[in-house]
Amino acid sequence: MIFAGVLKGKVAIVTGARMGIGEAIAVGLAQAGADLMLISRRISEDDEVVKSCKAEGVKVEVMQVDVSNREQVDAMVAQTIEKLGKVDILFNNAGVSKPGMLWNITDDQWDMVVDINLKGTFNCIAAVAKPMMEQKSGAIINVTSSAGLLGTIGQVNYTAAKGGVLALTKSCAKELAPYQITVNNIAPMAETDMTRKIMTDPKIAPTYLARIPMKRFCKPDEIVPCIVFLASDGARYITGQTICIDGGMVMPS
Ligand SMILES: NC(=O)c1ccc[n+]([C@@H]2O[C@H](COP(=O)([O-])OP(=O)(O)OC[C@H]3O[C@@H](n4cnc5c(N)ncnc54)[C@H](OP(=O)(O)O)[C@@H]3O)[C@@H](O)[C@H]2O)c1
């Protein structure tokens, strides 16, 4: 781990920590020395991510939280402060997709995807903002997508939510900058449950691969160093930015 110990003494919340990118980042933050609050709707002490983080010797709290529920999110941040003393880092990662062409998207599919990806991201920022403003420091890292940056076919609900995350990040970065709180975005591309079909289906994968200059997909582990850096004091003058970790697929102007 190239950043071992760099986050010692810091407390991080990771949303969507049960699997995928959130799991990899949780373990990476633990290796970097951060104490952790790990949340998702179904996470439990028995999950591999919890055991792996504890094995790094940091404090780990676990809570089942639906990020689209503001009361649950507020309670989770209160618990983080009660159990771990403060909150320095938010990796705002929980997300879902419900693909479908726009003329087939139901109200439920729209609401669920926007509520979790966009409102959930807002709920978590709003809940950590006050304690971070009081301590005059903090690093918030949101998760957008190439879909939100470029548009895509077959998931207007997800695209709209992730485009919203992009705009939300910029506004929050401006509002929180006077308090020395950074708010950045990543746009990842990694093999997880969410993307496994497009990355392994021989009918779909070549089309995606053709759009990636590096001509390969990555595992969530390759995203870890960027997040540890954005969460660290070394990135304290970087805010409002989007970093694409996608082998060069999107190059924002
Ligand atoms: N993988 C990619 O290439 C890619 C590309 C662009 C953007 N992203 C974004 O990256 C983030 C992580 O994606 P992933 O690929 O790691 O997905 P994933 O493997 O499907 O994992 C999603 C995680 O979010 C949690 N979650 C879902 N809904 C939640 C809710 N309402 N409240 C709390 N937690 C919730 C899930 O756990 P529970 O089921 O226990 O709640 C799970 O831990 C998402 O925001 C996704 O949109 C991923």
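The values are calculated or read from the model by the stated rules, or taken from the named source; none is laboratory data. Just so you know, these numbers come straight off a predicted model, no measurement behind them. Every residue, glycine among them, receives a Cβ derived from its backbone with ideal geometry; neighbour counts consider all protein chains shown. Side chains are part of the model used for accessible areas, which takes the heavy atoms of the whole protein and leaves out ligands, DNA and RNA. Shrake-Rupley method; radii C 1.70, N 1.55, O 1.52, S 1.80 Å.
ARG18 - would you say it is of a type in the set (Lys, Arg) and touching an Asp or Glu at 6+ places or on another chain (Cβ under 7 Å)? Yes.
Entry remark, the range 184-225: residues being closer than 20 Å to ALA30 by Cα and open to solvent by 20 Å² or more (accessible area, probe 1.4 Å) number 4 in total.
Counting just the residues of the range 50-87 that are assigned to a loop (DSSP other than H, G, I, E, B) and acidic (Asp, Glu), which one comes out farthest from GLY234 (Cα to Cα)? Among those that are assigned to a loop (DSSP other than H, G, I, E, B) and acidic (Asp, Glu), it is ASP66. Screening the range 190-246 for helices (runs of 4 or more DSSP H) wholly inside it with 2 or more residues that are farther than 30 Å from ALA173 by Cα returns the ranges 196-200, 205-210.
Which residue is nearest to ALA187 (Cα to Cα), if the candidates are limited to the range 11-56 and must be open to solvent by 40 Å² or more (accessible area, probe 1.4 Å) and away from the ligand (no atom under 16 Å from the Cβ)? Looking at the filtered set, the residue picked out is GLN31. Taking the listed residues ALA173, ALA160, ALA177, ALA205, the one that is within 16 Å of the ligand (Cβ to nearest atom) and modelled with pLDDT of 95 or more is ALA160, with no other qualifying. Given the structure, is VAL58 in contact (Cβ under 8 Å) with a residue 60 or more places away in the chain and of a type in the set (A, V, I, L, M, F, W, C)? No. Taking the criterion of being open to solvent by 60 Å² or more (accessible area, probe 1.4 Å) and of a type in the set (Val, Ile, Thr), the only residue of the range 103-142 that qualifies is THR106.
Tell me, yes or no, whether the range 226-235 has at least one residue that is within 16 Å of the ligand (Cβ to nearest atom), open to solvent by 20 Å² or more (accessible area, probe 1.4 Å) and not small (Gly, Ala, Ser). Among the residues of the range 226-235, at least one is within 16 Å of the ligand (Cβ to nearest atom), open to solvent by 20 Å² or more (accessible area, probe 1.4 Å) and not small (Gly, Ala, Ser), which makes the answer yes.
Screening LEU149, LEU166, LEU90 for residues that are touching a helix residue (DSSP H, G or I) at 6+ places or on another chain (Cβ under 6 Å), buried (at least 19 other Cβ atoms within 10 Å of the Cβ) and modelled with pLDDT of 95 or more leaves exactly one candidate, LEU90. Put simply, of VAL165, VAL77, VAL65, VAL143 the only residue that is in contact (Cβ under 8 Å) with a residue 60 or more places away in the chain, near the ligand (Cβ under 9 Å from one of its atoms), within 26 Å of CYS226 (Cα to Cα) and β-branched (Val, Ile, Thr) is VAL143.
The condition (being under 30 Å from MET251 (Cβ atoms) and in a helix (DSSP H, G or I)) is satisfied by just one residue among LEU168, LEU90: LEU168.
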